[in-house]
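Novice: First, the structure itself, so that you have it in front of you.
The values are calculated or read from the model by the stated rules, or taken from the named source; none is laboratory data. Just so it is clear, the model here is predicted, and its values are computed rather than measured. Don't worry about glycine lacking a Cβ; one is built from the backbone with ideal geometry, like all the others, and counts go over all protein chains shown.
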């Protein structure tokens, strides 16, 4: 679990290739938990979102975007699909469905299947 959550940080700005569901969702969960903790600490210190919340958000933005790109690539979709998030509500629902979908087995237009993914 922890390995999957840390993988996007190791691939900090790698926007090519593919990422499996486990990598994407464990990173997302770890990011949510970290944000809750940091915002709580910031709230106790400054009474609201402070510098610590901003620094964590800034540090996690690029790896989060990169893993979202790679997850779409795993489903054989272009990262341009992220632009659908600008459509209120519907766009986010569509992206969640894409991110939750199984990746294409074997290789696709964006490379080989991520480690641990089915190859048939």
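Novice: Quick check on this structure: which one of 83, 95 is buried (at least 17 other Cβ atoms within 10 Å of the Cβ), farther than 19 Å from residue 10 by Cβ and at pLDDT 95 or above?
Specialist: Result: 95 is the single residue among 83, 95 that is buried (at least 17 other Cβ atoms within 10 Å of the Cβ), farther than 19 Å from residue 10 by Cβ and at pLDDT 95 or above.
Novice: What residue, among those in segment 102-113 that are closer than 19 Å to residue 66 by Cβ and out of contact with any helix residue (DSSP H, G or I) (no Cβ under 6 Å at 6 or more places or on another chain), is surrounded by the fewest Cβ atoms within 10 Å (Cβ to Cβ)?
Specialist: Looking at residues that are closer than 19 Å to residue 66 by Cβ and out of contact with any helix residue (DSSP H, G or I) (no Cβ under 6 Å at 6 or more places or on another chain), I get 109.
Novice: Also, I was wondering about something else. Might you check whether a residue that is surrounded by 13 or more Cβ atoms within 10 Å (Cβ to Cβ) and out of contact with any helix residue (DSSP H, G or I) (no Cβ under 9 Å at 6 or more places or on another chain) occurs anywhere in segment 50-57?
Specialist: At the first step, the residues of segment 50-57 found to be surrounded by 13 or more Cβ atoms within 10 Å (Cβ to Cβ) are 50, 52-53, 56-57.
From the residues that got through so far, the ones that are out of contact with any helix residue (DSSP H, G or I) (no Cβ under 9 Å at 6 or more places or on another chain) too are none.
There is no residue in segment 50-57 that is surrounded by 13 or more Cβ atoms within 10 Å (Cβ to Cβ) and out of contact with any helix residue (DSSP H, G or I) (no Cβ under 9 Å at 6 or more places or on another chain).
Novice: Then there's this: Scan segment 14-49 for residues that are in a loop (DSSP other than H, G, I, E, B), modelled with pLDDT of 90 or more and surrounded by fewer than 14 Cβ atoms within 10 Å (Cβ to Cβ) and jot them down.
Specialist: Scanning segment 14-49 gives a single hit, 16.
Novice: Looking only at residues in segment 68-120 that are without any contact (Cβ under 8 Å) to a residue 40 or more places away in the chain and touching a strand residue (DSSP E or B) at 6+ places or on another chain (Cβ under 9 Å), which one is farthest from residue 20 (Cα to Cα)?
Specialist: Within segment 68-120, the match that is farthest from residue 20 (Cα to Cα) is 76.
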